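Chemist: For reference, the structure I am asking about is given below.
The values are calculated or read from the model by the stated rules, or taken from the named source; none is laboratory data. As the structure is a prediction and not an experimental result, all values here were calculated from the model. Cβ sites come from the backbone with ideal geometry, for glycine too, and all protein chains shown count toward neighbours.
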Amino acid sequence: MLSVTATPFGFKSPRYVGDSIDVDCLQLNVTGGYDHTWVLNTQGDDTRLAARITDDASGRTVEVYTTEPGLQIYTANGLKGNITGKKQTVYGKRCSICFETQHFADSPNKPQFRQQFFVRVNDTESHRLSLRRYSINRFIDTFYSREFLSFLTSFR
């Protein structure tokens with residue numbers, strides 16, 4: 001795991017997602033934008049804010065609370081404009097953003113993550129995710145991330 005300090009991945013303070021998405025950085029070049037997992041510092045406490053994203057144009061805010069240790073952020077880098085949604089909206093590259101709470105990739109093969117991954121026979125495992133959406137304006141179908149969204153996260 002790498003530190004996000006002073007990198008395009010540093011969202012410890014609010015800033016626009018689009019500010020650094022095109023920075024010449026190996027990790028961003030490989031994926032064409034954000035498609036990475038961040039380590040959360042919430043220690044599995046789903047009463048602590050994991051991430052918040054706000055759309056300045058509409059006033060919408062989404063907050064993420066989770067028991068999971070990681071947050072995958074995907075900025076729709078693979079969309080090519082060949083999908084049409086509601087009201088004939090065409091979904092192109094970076095037209096949206098996705099927050100996926102999860103364990104870390106390759107957890108079964110990493111000793112430091114193995115304990116959080118395996119569930120023993122007859123044990124139960126439970127994970128929680130809460131998304132809270134707030135809006136001061138009426139809901140708008142298209143959720144643009146390229147220019148208008150900023151988010152604050154509790155990344156380590």
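Chemist: For the stretch 43-74, give me each residue that is among the β-branched types (Val, Ile, Thr) and in contact with a helix residue (DSSP H, G or I) (Cβ under 9 Å, 6 or more places away or on another chain). Walk me through how you get there before you give the answer.
Modeler: So the first thing to find is which residues in the stretch 43-74 are among the β-branched types (Val, Ile, Thr), and the list is 47, 53-54, 61-62, 64, 66-67, 73.
Within the stretch 43-74, Ile53, Ile73 qualify.
Chemist: A further question on this structure: So which pairs qualify, if the first residue must be in the stretch 18-36 and surrounded by fewer than 16 Cβ atoms within 10 Å (Cβ to Cβ), the second must be assigned to a helix (DSSP H, G or I), the Cβ gap must be under 8 Å, and the two must be at least 6 apart or on different chains?
Modeler: Asp22/Leu28
Chemist: Can you name every residue in the stretch 74-96 that is modelled with pLDDT of 90 or more and hydrophobic (A, V, I, L, M, F, W, C)?
Modeler: Listed by number, the residues that qualify are Ala76, Leu79.
Chemist: Of all the residues that make up the stretch 85-98, how many are β-branched (Val, Ile, Thr) and either assigned to a strand (DSSP E or B) or over 14 Å from the mean Cα position of the chain (by Cα) (or both)? Show your work before the answer.
Modeler: Going residue by residue through the stretch 85-98, those that are β-branched (Val, Ile, Thr) are 89-90, 97.
Then keep just the ones that are either assigned to a strand (DSSP E or B) or over 14 Å from the mean Cα position of the chain (by Cα) (or both); that gives 89-90.
Total satisfying the criteria: 2.
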